[in-house]
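Handing you a structure now.
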Amino acid sequence: MDPSSPPGERCPDAMWEICGGSEALQGAVQVMALSSASACVDVGYLCAALETADSLQLWQWPESTRRLRVRVPLPSGLAPACARELQGAVVRGIQYWQRRPFELAIDTHPTPSVEVDIEISWEEGLSGSQIGLIHTKASLDQFEVLGITLATLSPNLKYGRTPEEVPLTAAHEMGHALGLPHSDSHRDVVYPTNTARSLTPRDFRTVEPLYRLPNGARIRRGP
């Protein structure tokens, strides 16, 4: 668990954890406040945090966004075949979100002069039982993914324990990169730990209402 993660984003104890940290920069712009009674109808797990918190704040990419460019470099320090396999698995996981809601352009042959919206980096291992980590920065006029880090090794085991382990980790972090909070169901890919077997209709049903709500909206529990 990254110590910068905000309240409500802490992972429960589990074998492997997938978490992230965020920084909210509200500035002087007025935040729209909504009640859960009006905003949390048929929104998947978008409001799940309100079961334990009094309020939550939602962030999203600007309304003008049409495409996100994602850079997925080869991990270093691995045999070439293994590195290509990991890279391809991450690309596959990110592509699960293709056109939900944005076109995704994935750069697997990084060109430093080409700017990207989301940069993937690799580390052999992360803190504790983590296998993925995202950092974001948000304000009412900007949502920025500062970086996504993925582990090349699972705790105690190499990747490959299950065929979908790597792509589902990438899909989890990409869900956060779109603005999704954690799910409250172990079946969903954005559940805090890697218990999902695939993305679910509920994952997709949650990202749609997120982009119907105002950016930065604060939802309070109650009528």
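Go through the residues of the range 86-98 one by one and say whether even a single one is surrounded by fewer than 18 Cβ atoms within 10 Å (Cβ to Cβ) and farther than 13 Å from Met174 by Cα.
yes
Tell me, which residue of the range 54-77 that is crowded, with 17+ Cβ neighbours inside 10 Å and aliphatic (A, V, I, L, M) is farthest from Ile148 (Cα to Cα)?
Applying the filter and picking the extreme gives Leu56.
Do we find that Ile134 is surrounded by 15 or more Cβ atoms within 10 Å (Cβ to Cβ) and in contact with a helix residue (DSSP H, G or I) (Cβ under 6 Å, 6 or more places away or on another chain) in this structure?
Criteria met by Ile134.
Identify all residues within the range 112-122 that are surrounded by 15 or more Cβ atoms within 10 Å (Cβ to Cβ) and either part of a strand (DSSP E or B) or free of Cβ contacts under 8 Å to residues at least 24 places away in the same chain (or both); write none if there are none.
Residues satisfying the conditions are Ile118, Glu119, Ile120, Trp122.
Here's something else I'd like to know. Kindly list the number of the only condition in (1) out of contact with any helix residue (DSSP H, G or I) (no Cβ under 9 Å at 6 or more places or on another chain); (2) closer than 18 Å to Ser76 by Cα; (3) at pLDDT below 85 that fails for Lys158.
Exception for Lys158: condition (1).
Then there is this: For the range 48-72, how many residues are in a loop (DSSP other than H, G, I, E, B) and under 16 Å from the mean Cα position of the chain (by Cα)?
Number of matching residues: 5.
Another question, then. Out of the range 91-111, which residues are farther than 18 Å from Pro75 by Cβ and touching a residue at least 40 places away in the same chain (Cβ under 8 Å)?
Scanning the range 91-111 gives Tyr96, Trp97, Arg100, Pro101, Phe102.
Sticking with this structure for a sec: Would you check if there is a residue in the range 129-142 being in contact with a Pro (Cβ under 7 Å, 6 or more places away or on another chain) and either hydrophobic (A, V, I, L, M, F, W, C) or in a helix (DSSP H, G or I) (or both)?
No, the range 129-142 contains no residue that is in contact with a Pro (Cβ under 7 Å, 6 or more places away or on another chain) and either hydrophobic (A, V, I, L, M, F, W, C) or in a helix (DSSP H, G or I) (or both).
Sort out which residues of the range 74-100 are small (Gly, Ala, Ser) and at positive phi, and write them in order of number.
Hit for the range 74-100 is Gly77, nothing else.
Residues checked against (1) modelled with pLDDT of 95 or more; (2) closer than 21 Å to His176 by Cβ; (3) among the charged types (D, E, K, R):
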position: Ser38; (1), (2), (3): no, no, no
position: Ala49; (1), (2), (3): yes, yes, no
position: Pro62; (1), (2), (3): no, yes, no
position: Ser76; (1), (2), (3): no, no, no
position: Arg99; (1), (2), (3): yes, yes, yes
position: Asp117; (1), (2), (3): yes, yes, yes
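If I filter the range 178-223 down to residues being assigned to a strand (DSSP E or B) and surrounded by fewer than 22 Cβ atoms within 10 Å (Cβ to Cβ), which single residue comes out as modelled with the lowest pLDDT?
Step by step, filter the range 178-223, then rank; the result is Thr193.
Within the set of pairs 6+ apart or on separate chains, which have a first residue in the range 134-147 that is over 24 Å from Ala170 (Cβ atoms) and touching a residue at least 40 places away in the same chain (Cβ under 8 Å), a second that is assigned to a strand (DSSP E or B) and of a type outside the set (Lys, Arg), and C-beta atoms under 8 Å apart?
Partner pairs satisfying both residue conditions: Ser139/Ala24.
Sticking with this structure for a sec: Restricting the search to the range 143-154, which residues are modelled with pLDDT of 85 or more and in a strand (DSSP E or B)?
Phe143, Glu144, Val145, Leu146, Gly147, Ile148, Thr149, Leu150, Ala151
The values are calculated or read from the model by the stated rules, or taken from the named source; none is laboratory data. Predicted model, so just to flag it, every value in this text is computed and none were measured. FYI the Cβ positions are ideal-geometry reconstructions off the backbone, even for glycines, and counts take in every protein chain you see.
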